[in-house]
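Structure first, then comments.
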Amino acid sequence: MQFISAQQVDQVLEFPLLINALQRGFASEFSMPARQVFPLSTAGSDAFALLPAWTADLISVKAFCYFPDNSAVDLPTLHSSILLYRRQHGTPLAMVEGTRVTCWRTAAVSALAARYLARHDATTLLLLGTGALALPLIQAHLSERPLRRLLLWGRSPAKVALLQQQVQQRFPAIEIEICTDIKAGCREADIIVAATGSATPLLFGADIRPGCHVDLLGNHSPAQRECDSVLLQRASVYVDDRRNVLNEAGELLIPISEGVFAASDIRAELAELCRANRFARQSDQEITLFKSVGTALADLLCAALVLQQPYFS
């Protein structure tokens with residue numbers, strides 16, 4: 001049994017290799033029971049979760065602990081590990097550090113959804129958020145399309161400036177601007193990616209221009225959301241997994257409770273997009289929205305790809 005570190009995950013993964021592996025995996029046969037999230041206290045948000053999945057070749061389970069107050073004691077808020085087994089006999093194969101896998105697969109899923117939902121001529125991306133996902137998200141989307149312009153927004157000016165510097169070093173040809181007004185940024189963006197975990201809406205349907213693709217991935221709480229209900233009403237809505245999203249995502253659950261959106265309004269989930277493997281957007285004026293909360297299958301596919309690389313053969 002191999003033990004694969006976060007550093008090793010970063011050494012062997014790249015885009016678009018991972019994006020294409022996810023496309024093939026979501027298009028194939030798999031089983032993915034509902035993930036189990038266990039609150040660890042009644043007062044706080046501490047939680048422990050288990051995410052199982054299996055394919056014809058592999059079985060996996062990701063276990064993670066989420067302690068949002070850890071930042072106060074200078075510790076990571078998320079600790080995660082993925083176990084991989086052979087499907088045929090259940091033989092243990094590897095334990096893979098799960099936090100970096102989560103960053104890589106989340107960014108890859110975002111770019112994969114945009115492959116089917118964003119306009120082919122999209123050139124400007126607005127990114128909300130400066131956390132660990134920010135740079136992988138930019139790298140993943142740039143591997144999919146020749147974006148010419150990035151708009152970066154975050155609550156901390158210092159973090160936004162640092163992200164701008166990091167991206168400019170890696171992609172010197174792209175135009176990068178710091179966005180201080182989200183509403184103004186929405187008027188210019190062809191693709192908007194929100195990775196903030198905001199408790200209240202940052203994106204409003206009235207501000208989103210026709211033809212925009214919106215990707216929401218920062219919130220996992222039924223009582224919170226990164227966009228308002230108007231955006232759900234204006235957009236064609238897609239999700240990574242119906243069951244998980246309808247259990248966890250306030251972006252859909254709050255409009256459903258208001259009676260302005262229904263679960264049946266979801267156009268498709270990621271596996272259906274990948275199996276069809278064709279452009280899903282109906283027109284250049286259509287607003288598309290993709291909501292993801294993360295899936296065990298994406299964890300399995302990403303960890304499996306790590307294990308397949310020559311470094312571990």
Segments classed as strands (runs of 3 or more DSSP E), wholly inside the stretch 116-201, with at least 1 members that are free of Cβ contacts under 8 Å to residues at least 40 places away in the same chain and surrounded by fewer than 18 Cβ atoms within 10 Å (Cβ to Cβ): 149-153, 175-178
Scope the stretch 219-237; condition touching a residue at least 40 places away in the same chain (Cβ under 8 Å), open to solvent by 30 Å² or more (accessible area, probe 1.4 Å) and over 15 Å from the mean Cα position of the chain (by Cα); matching residues: 234
Hits in the stretch 273-282 - residues which are over 19 Å from residue 214 (Cα atoms) and either open to solvent by less than 70 Å² (accessible area, probe 1.4 Å) or assigned to a helix (DSSP H, G or I) (or both): 275, 276
Residue satisfying condition, being under 14 Å from the mean Cα position of the chain (by Cα) and hydrophobic (A, V, I, L, M, F, W, C), within set 93, 112: 112
Yes/no for residue 270 being in contact with a helix residue (DSSP H, G or I) (Cβ under 9 Å, 6 or more places away or on another chain) and open to solvent by 10 Å² or more (accessible area, probe 1.4 Å): no
Strands (runs of 3 or more DSSP E) wholly inside the stretch 1-101 that include at least 1 residues being open to solvent by less than 40 Å² (accessible area, probe 1.4 Å) and in contact (Cβ under 8 Å) with a residue 60 or more places away in the chain: 2-4, 47-54, 58-66, 78-86, 92-97
Pair list, Cβ under 6 Å, 6 or more apart: the stretch 285-313 residue within 23 Å of residue 219 (Cβ to Cβ) and of a type in the set (A, V, I, L, M), other residue assigned to a strand (DSSP E or B) and open to solvent by 10 Å² or more (accessible area, probe 1.4 Å): 296/52
Selection count where residues are more than 20 Å from residue 245 (Cα to Cα) and not acidic (Asp, Glu), scope the stretch 281-300: 4
Conditions (1) open to solvent by 10 Å² or more (accessible area, probe 1.4 Å); (2) free of Cβ contacts under 8 Å to residues at least 60 places away in the same chain; (3) within 16 Å of the chain's Cα centre (by Cα); number of the one not met by residue 250: (1)
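The values are calculated or read from the model by the stated rules, or taken from the named source; none is laboratory data. For clarity, every value in this text was computed on a predicted model and none was experimentally measured. Cβ coordinates were reconstructed from backbone atoms using ideal geometry, including for glycine residues, and neighbour counts include every protein chain displayed. Quick note on the areas: whole protein, heavy atoms, side chains included, nothing else; ligands and nucleic acids left out. Shrake-Rupley method; radii C 1.70, N 1.55, O 1.52, S 1.80 Å.
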